[in-house]
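Report on the following structure.
Readers should treat all values here as calculations from the given coordinates under stated rules, not as data from a laboratory. Computed from a predicted model, the values in this text were never measured in an experiment. Please note: Cβ atoms are built from the backbone with ideal geometry, for glycine as well, and neighbour counts cover all protein chains shown.
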């Protein structure tokens, strides 16, 4: 089972990396992870983003600096606590996340199309259980309960 999961991890990591290939090096994978977390969370404190990614706050600050410079996110402050830095996607940042997620959806759908409906259902059930078993620490996860 662990070997199968390791093989699946390699496939999914390959999908994640290839999904950024068409972006002309607009963002790196770590930078995209910040964008994806902000797409899930909306405007968020930088510390919350760091926790979601399992990164140090200083690492998120450096990633955010680059993303602000490229126009993918904005930096702000919490009105109730001026010392707290918030991060939010810009329209360009959201467009980039949407583009990557659309590519990934098409690629994963291509993989799934070779499975029977029963096998797709079994895989969906098993993957949802795996995500639930992983718990927190691997970033925010929204399970869209959409049939395959």
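The shape of the chain can be summarised by an equivalent ellipsoid whose semi-axes, obtained from the alpha carbon gyration tensor, come to 31, 18, 14 Å from longest to shortest. For the chain, modelled as a GNM whose springs connect Cα atoms under 10 angstrom apart, the maximal fluctuation among 24, 40, 98 occurs at 24.
Could you rank the peptides 83-89, 49-55, 112-118 by their average count of other C-beta atoms within 10 Å per residue, with the highest value first?
Values: 83-89: 17.6, 49-55: 19.6, 112-118: 9.7.
Put in order of decreasing packing, that is 49-55, 83-89, 112-118.
For the listed peptides 10-16, 72-78, a ranking on the average number of other beta carbons within 10 Å per residue, highest first, reads 72-78, 10-16. If R0 is taken as 22 Å, the Cβ-Cβ distance between residue 91 and residue 130 corresponds to a FRET efficiency of 0.05. As a calculated quantity, the FRET efficiency between residue 10 and residue 65 at R0 = 41 Å, using C-beta atoms, amounts to about 0.85.
Under the definition of Cα pairs under 8 Å and six or more residues apart, what whole-number percent is the relative contact order of the chain? Could the numbers behind the result be given before it?
On the way: 128 pairs, mean separation 38.0, N = 148.
Computed over the chain, the figure is 26 percent.
In a fully extended conformation the segment linking residue 102 and residue 58 would gain 12.8 nm over its present Cα-Cα distance, using 0.36 nm per residue. Centre-to-centre separation between the Cα atoms of the range 54-70 and those of the range 23-53: 9 Å. When a/c is below 1.5 the answer is rounded, else prolate if a/b is larger than b/c, else oblate, so apply that to the range 61-111 with a ≥ b ≥ c taken from the square roots of the Cα gyration tensor eigenvalues. In terms of gyration-tensor shape, prolate.
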